[in-house]
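No value in this document is a laboratory result; all are computed from the given coordinates. Since the structure is predicted, the reported quantities are computational estimates derived from the model, not experimental observations. Glycine also receives a Cβ, built like all others from the backbone with ideal geometry; neighbour counts cover every protein chain displayed.
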Amino acid sequence: MASSEKETQLAEEIVIQIDEDETIISHPVDVAGVVGYGDVLPLSIDETTLRKEKGSPLSYSSASDHDLTSNQKFPEMAIFDQAIRRLSLSLSRRRSSLSFSTLSSNPLRVCVVGTGPAGFYTAEKMLKAHQGAEVDIIDRLPTPFGLVRSGVAPDHPETKIVMNQFSKVAQHERCSFFGNITLGSSVSLSELRELYHVVVLAYGAESDRALGIPGEYLSGIHSAREFVWWYNGHPDGKNLSPDLKSTDTAVILGQVRVTHAWCVSLDSDAGISLVEGRGKLCYCRFQNAKDDLSSYLFHGNVALDVARILLQSTSVLATTDIASHALEALEQSSIRKVYLVGRRGPAQAACTAKELREVLGIKDLCIHINEVDLRISPEDEEVLKNNRIHRRVYELLSKAAASAPSRPSSSQRELHFVFFRKPDRFLDSGEGSGCVAGVHFEKTMLKAVGPGKQIAVGTGLYEDLDCGLVLKSIGYKSVPVDGLPFDHEKGVVPNIKGRVLTDTSGDLTLLEKGLYVCGWLKRGPTGIIATNLYCAEETVASISEDVHQGEIASASTLPKPGRQGLLQLLDNRRVRVVPFSAWEKIDSEERRLGNLRSKPREKLTTYEDLLKAATE
C-alpha cells in the first residue's frame, strides 16, 4: 500500500481515554493501535475536532458537526490540542522527506541521545517521517526508558505501560538501542556529529538546582531526585542511604514537581498550573518545634509520591517494584509524620485531585490541616472559580480538614498540610557534626501583583523548627557536555524549534547544522507526556524541513558511518555496549527475581549486576 493511501485509510480518529480528573490515562500511540502517531493524523487539520461526552473517551476526528470548544470545558486537554495541531506536518513536506530517505542509496543516519519519553518519541517520529532512515538511541545507563523506569512511583505501574510502546520502537528493524554509553566520555559530541547526519540530544536533566541559602550542604539534606532514584532502584541512587531511623517526621523543600504524566515545573512563586504543565515554587515547614526531628515536603505530585512511600504500609509496597534496599529501610523506618508545606495557600496547592485522593486514602492515616490556612481571599475565590483542578484540590483539603479527628490515635501515622512558609536557612546541630538540626522559616502572605496573579512575600516573622532530615525538590537541572552551546541561566540548550543555536545571543541564523534537542534539555523541566509528543514532533518537523531544504548533507552525497562507525569506535575504546537484546536479558532476570517475591520485578540496582545479567 502506498504511504499516502495508508495515511488516508488510518486518518479517521484518534482516541484517548481520560479519567474523571481529566488526566490522560491511555497512551495515544497504544490506543491508536498503529506503529506511530503520525499515521492517524487527519489529512486536513482544519477538519480536526474534539469530542467529549461524560464517561466516554475523548476523540479527535474529522466529524464536521463538532467544534473545539471542549478545550474550554476541559482545559488540561488544551496542550494535547496543541500537540495535534503541531503534529500535522503538511503532507507535501512529509512526502518530500519520505522520498528523500527512500530513494537514497545510503540511509539518513540519526543518533538520539537519551531514552526517556522525549528520546523515544523522537526516534519513533524519525522512523515514520523518513522511511529509509536508520535511528540509533543511546543512553548512559544499561537500561532504557529514563524516568519511566526511575522516576515513576513504584505503586503506579499503570504509568509504566508506555514502556511497551517504547520497546516496539527499539525493536524496529531500522532502530537500535545501545546502553552503557556516556556522552562525553564513551564518545564525544563532536564524534557523534561526524558519525551521523543528525544528532538529537534528549538526555533530560539529571542534576539539581540549589536553594542558595546558608547550610544547604549539611549532612542530612538530600535532593528529592536522589530520594526518588533511591527507592526506584536507579544505580546512581543505591548508596544514598537516607537516615529514616533517627527521625519521626518527613518533608521536602522545593519548587519542582514531577508527576506520573511527567510534569515538572520551575518558577519563582508557589502554585502550579496543571493545564500548562507548569509549576512554581513551594516551600515547606515543620510545624511543631517540640518534635525533635523532621524532614520537609512541598505541595506537588512528587511530594505526594514521596509522602505516600513514607506513610504507606510496607506490606503494600512489597508487592510493587520498589528497590529491595529501600523497602528494607522503610520497614525499619521511624517516620510517623509527614508535613507537606507550601509557600502559598491551599487555593494554589500544586497537586492533582487524583494524587491527593490517593494519599488521603492511605489506611490508618490521620490528616491535619489548620483551619486558618483554609481561609481564602477574594483573589483566591477567583482562582478557584477559573481553575477546576485547583477547586477540586481545595474541596478535598477542606473535606479532609472537616472530617479529621482532633488528635491521632497512638497507632496512626500523620499527614500534615501546612501553608504560607518558606525556608530562610538551615541550622547546624552546633556539635561539630555538620548535620542539619533545624530550619529557620519565614512566614509568608499573598500579594496581588496583577489581574489573577498573586505572589508569596515574606512577612518578617520567623520560626525555628527542629529537624534531622531535609529532602529538597527545588528543580531539576540539565548538564551541558563539551561542544554543546548552553544557556546556564535558563538551564537549556539555546534552540529554535529544536534546532541548536551556536550561542545564546538570540541570532536565529547561527545554527549548529545537524544538531537538535528535544525534551527538558530543549524547553526546561516542564510539561506532561503530551508535551513530549508535541516537543518531539516539533523537533522532527525541523529536521524534516532542513532535510528537504538541503540544510543537512545528503545521505547519498555524503555517506556517514553511523551505527557501524559508532560500534567500531566504542569497541576500540573497550566500551561495553548493552544492546536491546541484552536489556531484554536484564528485564527477564528482574522479572524472575520479582516472581520469587511476588513482585512484578526485583530491580538490579548496581552497574555490576546489570551488566552481569546482560551477558547471561
Exercise. Cα-Cα over 25 Å: which of Lys337/Lys453; Lys363/Lys603; Lys490/Lys603; Lys422/Lys497; Lys385/Lys453?
Worked result: Lys337/Lys453; Lys363/Lys603; Lys490/Lys603; Lys422/Lys497
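Go ahead and run the numbers for FRET between Tyr462 and Ala210, Cβ-Cβ distance against an R0 of 25 Å, rounding to 0.05. The partial results should precede the final answer.
Details: r = 21 Å, r/R0 = 0.86.
Computed FRET efficiency for Tyr462 and Ala210 comes out at 0.70.
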Problem set entry | Cut-off 19 Å, label 7 Å out along Cα→Cβ of Lys585, residues of the range 102-143 by amide N | 139-143
For this session: Along Cα→Cβ, 7 Å out, is where each label goes; now give me the distance between the ones at Arg375 and Ser185 in nm to one decimal.
Result: 5.6
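Which FRET efficiency value, to the nearest 0.05, do you get for Ser246 and Arg597 by plugging their Cβ-Cβ distance into 1/(1 + (r/R0)^6) with R0 = 25 Å? Let's see the in-between values first.
Numbers: r = 28 Å, r/R0 = 1.13.
Efficiency, from the Cβ-Cβ distance: 0.35.
What full-extension length gain, to one decimal in nm, is calculated for Asp155 and Glu551 as 0.36 nm per residue of separation minus the Cα-Cα distance?
Numbers: separation 396, 0.36 × 396 = 142.56 nm, distance 4.66 nm.
Contour length minus Cα-Cα distance gives 137.9 nm.
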Exercise. If amide H atoms are built 1.01 Å from N in the plane of the peptide, which residues on other chains or at least 5 residues away come under 5 Å of the amide H of Asp136?
Worked result: Val110, Cys111, Val112, Ser176
Problem set entry | Inter-label distance for Thr502 and Lys363, nm, one decimal - labels placed 7 Å from Cα along Cα-to-Cβ | 6.5
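If r is the Cβ-Cβ distance from Ala402 to Ala318 and R0 is 51 Å, what FRET efficiency results, to the nearest 0.05? It would help to have the intermediate numbers written out before the result.
Values: r = 34 Å, r/R0 = 0.66.
Using R0 = 51 Å, I get an efficiency of 0.95.
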